[in-house]
Amino acid sequence: MSLISGVISAVDIIGAILMIAFAFMSLRLAMRLVRREPHNIIHAYLMWICIAMAVFAVSRSAVHIIRQSLDLVGNAGAWQFIGPYSGAVNTFTLIVVGAVTLFFEYTWSIYRQILSDKQILQATRGELMDLNENLERRVDERTRALADSERKYREVFEVSRDMILLSDLEGRIFALNPAGYEILGGAADVSAAHIEYCQDFLFRGKDDWKKIVTVIRRRQWLPDMEFDMVNARGEKRRILLSASLVPGPRNDEGRIYFLIKDIEKRRMIKEQMARADKLASIGELSAGIAHEINNPLGIILGYAQLMLREESIPSQRSEDLKTIERHVRTCKVIVEDLLNFARVSPAKKEMNDIHGLIDDVIKFTYYDSGFDRVVIEKDYDPDVKPLFIDEKKIKQVFVNLIVNAKYAMGEKGSIKISTCLNEPDKRVEVRVSDTGCGISEQDMLKIFDPFFTTKPTGVGTGLGLSVSYGIVKNHGGDIQVKSEPGAGAVFTVLLPLEPHHEHIIGWEK
Ligand code: ADP
């Protein structure tokens, strides 16, 4: 063997060994990569190539070493037998490499698709998680805003001094605020059953309700309207009502929101102002007339008495003179009442015990006008201290009230006189209640008018209450009345605890 062929053989053998070594090192590396990232398709591809290359290297290199060895031992003929096997293995491994490479293109595109799907999925997941977190935050914010607004509206509902009422078109009440319970007669007295329907309290029965609902249906709202209602305690109250309709899905399914104001106090003040106004003008007029009449009456009375004294024996003439004297005296009482009403005579106020004063009046009226079948009950509050009042005038007030009560009861009945210290309002309340015939709604508006009387001519002048009203007003007080026909009457005289500086109501506007 020549040197050159010896070198070539050595290079062939060393190259074959190195080829096997490199092929297995590459395979080892590829396998490590696959182990690290089992789903990485490039690593998988590399591994399969390395396997094929390793098989190829083993097949080729082993065959080359065997061939060289056969040449060395002089048995080259044996190669004829092994050579085709080695060629077949080599071809097969190269086919595997080619097939894997061709297949890789297809696998790679699937892998890329999977990768992009995975990325999309991951991005979508991220978005979903973000949305989920945001959704929770948004729901949280909305819930808080809703709770805030609910609290705000509940507060308006709870603290409103006016009645807020929600009902259906049948009048069935769904919601009523505390002021509403109060106006309807006090929460404690109004059970759920009592306040089922608006028309039970607010309107005079079903007919009124139907009219109101018809208007609300037509206009969708109701402007401020005044109504009278009787609450669960039986008290009459004037109310100012407005309403709005929120239509429902069907014609008969709307809800009505009512806003109702209790204007009873306002009405009473208005009435009192009107009364004071009326009394002021009547006072002005009557004081003028009373002054003019008072002097001629005095003269007529004087002359009548003079002429009567000259009549020594009873005769028709003396009877006539007595009739004149009696009637002139009646006229003088009326004129005096008129002057009192006009407040011309100034009050003489000093500290007076109101209980002693009422006792005197009771004694006086009892003996004076056959009170024997009328029971007078007294219920005095011991805390009531002497008041700065004109004894004579206040006595006149109670005489009027007691005489009126007695007259209203006829022969039989009972009068109750009670006093009570109302510290918060700084006043004393004297209540005169009777079990008499009571006062009708129409008369109630007129009883303080001068000359209004339901008594027969000659019995009543219609000045008692108007004079009493003037006297009490001049003491800084007030007279209130509560009465129902057939159920007696309660007159309450309110007198201030503090000394009051006199106003001449009759002249004052
Ligand atoms: P007079 O007593 O002269 O009629 P008043 O001013 O005192 O005048 O009373 C006016 C009217 O008020 C009476 O005619 C009567 O109709 C009514 N009235 C007053 N007090 C009572 C009472 N206690 N019960 C019923 N009606 C009363």
Practice task
Find all pairs meeting these conditions: Cβ atoms under 6 angstrom apart; at least six residues apart or on different chains; first residue within the stretch 453-470 and at positive phi and within 6 Å of the ligand (Cβ to nearest atom); second residue open to solvent by 10 Å² or more (accessible area, probe 1.4 Å) and not in a helix (DSSP H, G or I).
Solution key: G462/F451; G462/F452; G462/T453
Exercise for the section: Evaluate the following for D277: is it open to solvent by 80 Å² or more (accessible area, probe 1.4 Å) and not in a helix (DSSP H, G or I)? Expected result: no
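From the list A179, A192, which residue is exposed (fewer than 13 other Cβ atoms within 10 Å of the Cβ), out of contact with any helix residue (DSSP H, G or I) (no Cβ under 8 Å at 6 or more places or on another chain) and at pLDDT below 90?
Working: A179 fails: exposed (fewer than 13 other Cβ atoms within 10 Å of the Cβ).
That would be A192, the only listed residue that is exposed (fewer than 13 other Cβ atoms within 10 Å of the Cβ), out of contact with any helix residue (DSSP H, G or I) (no Cβ under 8 Å at 6 or more places or on another chain) and at pLDDT below 90.
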Exercise for the section: Name the single residue, out of those in the stretch 299-328 being part of a helix (DSSP H, G or I) and charged (D, E, K, R), that is most open to solvent (accessible area, probe 1.4 Å). Expected result: R309
Fill in the blank from the handout: Within the stretch 205-241, the residues that are open to solvent by less than 70 Å² (accessible area, probe 1.4 Å), more than 15 Å from D168 (Cα to Cα) and assigned to a helix (DSSP H, G or I) are G205, D208
Practice task
Starting from the stretch 428-450, take each residue that is without any contact (Cβ under 8 Å) to a residue 60 or more places away in the chain and within 11 Å of the ligand (Cβ to nearest atom) and list its partners that are among the charged types (D, E, K, R) and open to solvent by 40 Å² or more (accessible area, probe 1.4 Å), counting only C-beta distances under 7 angstrom and pairs at least six apart or across chains.
Solution key: S433/K416; G438/E484
Exercise for the section: For residues that are open to solvent by less than 50 Å² (accessible area, probe 1.4 Å) and in contact with a helix residue (DSSP H, G or I) (Cβ under 7 Å, 6 or more places away or on another chain), tally how many sit in the stretch 51-64. Expected result: 8
Problem - Scope the stretch 85-143; condition touching a helix residue (DSSP H, G or I) at 6+ places or on another chain (Cβ under 6 Å) and either farther than 18 Å from W48 by Cα or charged (D, E, K, R) (or both); matching residues - result: S86
Problem - Conditions (1) closer than 25 Å to G462 by Cβ; (2) in contact with a His (Cβ under 8 Å, 6 or more places away or on another chain): number failed by T419 - result: (1)
Completion exercise
When every residue in the stretch 381-407 that is among the charged types (D, E, K, R) and part of a helix (DSSP H, G or I) is compared, the one nearest to the ligand (Cβ to nearest atom) is K406
Handout entry: Residue match in the stretch 115-132 (condition: in contact (Cβ under 8 Å) with a residue 40 or more places away in the chain and either in a helix (DSSP H, G or I) or open to solvent by 50 Å² or more (accessible area, probe 1.4 Å) (or both))
Key = no
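The values are calculated or read from the model by the stated rules, or taken from the named source; none is laboratory data. Nothing here was measured: the structure is a model prediction, and the numbers come from that model. As a convention, Cβ positions derive from the backbone with ideal geometry for all residues, glycine included, and neighbour counts pool all protein chains shown. Protein only, heavy atoms only, side chains kept; ligands, DNA and RNA dropped before computing areas. Shrake-Rupley method; radii C 1.70, N 1.55, O 1.52, S 1.80 Å.
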